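Taking it in order: structure first as structure tokens, then the write-up.
Please treat every number below as a calculation from the coordinates, not as lab data. All figures in this text were calculated on a predicted structure; none of them were measured in a lab. Note that each Cβ is placed from the backbone with ideal geometry, even for glycine, and that neighbours are counted across all protein chains shown.
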Amino acid sequence: MRKKERAKEIIERLKEAYPDAACTLDYEDAWKLLVSVRLAAQCTDERVNRIVPGLYEKFPDVNALAEASVEEIEDIVKPCGLGHSKARDISACMKMLRDEFNSKVPDTMEELLRLPGVGRKSANLVLGDVFGKPAIVTDTHCIRLVNRMGLVDGFKEPKKVEMELWKIIPGEEGSDFCHRLVLHGREVCTARTNPYCDRCCLKDVCKQVGVSGKGR
């Protein structure tokens with residue numbers, strides 16, 4: 001099975017298995033998603049969702065958060081780990097949004113990548129979820145699963161994986177496809193245990209299963 005054919009089949013099966021796939025970070029505004037995705041680095045989305053309400057209660061908009069000191073932000077977000085570096089990036093990002101973008105989150109990859117603490121993964125998440133643009137979010141689940149499935153061949157660097165997936169994933173499917181990979185990666189194709197291939201909806205089209213007869 002060619003990669004485009006495999007990708008099409010995987011997309012359709014994941015749609016059926018996870019029809020309500022969406023970002024697992026809670027947010028109401030684009031700037032809040034930027035904050036949450038920065039806090040989610042080496043931290044679970046569940047913990048981030050518990051922490052950010054306290055941050056937004058004290059600093060309810062971009063301007064308020066831009067005015068806050070790094071130390072004030074760090075005091076609240078430190079349970080997410082890497083508190084100082086995350087607080088520093090959030091502060092600098094909010095200042096740039098205020099000073100250069102009229103407190104609005106930009107809607108292009110080029111402008112998003114100018115924001116402190118924002119890489120391609122974060123930018124794609126915002127583009128796909130907030131603005132409905134074609135996006136592929138290469139988080140750890142995505143990278144692990146697409147390699148196992150045979151959609152990419154041994155690529156682990158996020159940008160390389162993203163570029164390979166753009167060749168075979170329709171733009172309008174990319175964002176939801178990646179959200180479904182997160183759910184599938186948590187429930188079935190896990191990282192810390194052997195994947196549960198016996199109950200996987202993709203077991204007959206997954207390259208890893210086809211090669212070895214079982215998951216790693």
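Can you confirm whether Asp153 is acidic (Asp, Glu) and more than 19 Å from Gly119 (Cα to Cα)?
yes
Scan the range 196-207 and give yes if some residue there is within 17 Å of the chain's Cα centre (by Cα), farther than 18 Å from Arg6 by Cβ and not basic (Lys, Arg), otherwise no.
No: the range 196-207 contains no residue that is within 17 Å of the chain's Cα centre (by Cα), farther than 18 Å from Arg6 by Cβ and not basic (Lys, Arg).
Looking at the range 128-152, which of its residues are farther than 27 Å from Asn194 by Cβ, out of contact with any Leu (no Cβ under 7 Å at 6 or more places or on another chain) and either without any contact (Cβ under 8 Å) to a residue 24 or more places away in the chain or not hydrophobic (A, V, I, L, M, F, W, C) (or both)? Lay out the reasoning, then the answer.
Initially, the range 128-152 is screened for residues farther than 27 Å from Asn194 by Cβ, giving 128-135.
With out of contact with any Leu (no Cβ under 7 Å at 6 or more places or on another chain) added as a condition, the list becomes 128, 131-132, 134.
Gly128, Gly132, Pro134 - these are the residues of the range 128-152 that are farther than 27 Å from Asn194 by Cβ, out of contact with any Leu (no Cβ under 7 Å at 6 or more places or on another chain) and either without any contact (Cβ under 8 Å) to a residue 24 or more places away in the chain or not hydrophobic (A, V, I, L, M, F, W, C) (or both).
I'm trying to understand the selection: among the residues of the range 83-95, which are hydrophobic (A, V, I, L, M, F, W, C) and buried (at least 17 other Cβ atoms within 10 Å of the Cβ)?
If the condition is that a residue be hydrophobic (A, V, I, L, M, F, W, C) and buried (at least 17 other Cβ atoms within 10 Å of the Cβ), then Ala87, Ile90, Cys93, Met94 are the ones that fit.
Check Val137 against each of (1) within 19 Å of Tyr27 (Cβ to Cβ); (2) out of contact with any Lys or Arg (no Cβ under 8 Å at 6 or more places or on another chain) and name the one condition it does not meet.
(2)
Out of the residues in the range 103-122 meeting the condition of being in contact with a Leu (Cβ under 8 Å, 6 or more places away or on another chain) and under 27 Å from Arg6 (Cα atoms), tell me which one is surrounded by the fewest Cβ atoms within 10 Å (Cβ to Cβ).
Among those that are in contact with a Leu (Cβ under 8 Å, 6 or more places away or on another chain) and under 27 Å from Arg6 (Cα atoms), it is Arg120.
Looking at this structure, is Cys80 surrounded by 14 or more Cβ atoms within 10 Å (Cβ to Cβ) and closer than 24 Å to Glu162 by Cβ?
When the stated conditions are applied, Cys80 does not pass them.
Within the range 130-158, track down each residue that is farther than 27 Å from Lys203 by Cβ and either among the aromatic types (Phe, Trp, Tyr) or in contact with a helix residue (DSSP H, G or I) (Cβ under 6 Å, 6 or more places away or on another chain) (or both).
Once the filter is applied, which keeps residues that are farther than 27 Å from Lys203 by Cβ and either among the aromatic types (Phe, Trp, Tyr) or in contact with a helix residue (DSSP H, G or I) (Cβ under 6 Å, 6 or more places away or on another chain) (or both), the range 130-158 yields Val130, Phe131, Lys133, Pro134, Ala135.
What residue, among those in the range 107-135 that are assigned to a loop (DSSP other than H, G, I, E, B) and farther than 25 Å from His84 by Cα, is nearest to the chain's Cα centre (by Cα)?
Ala135
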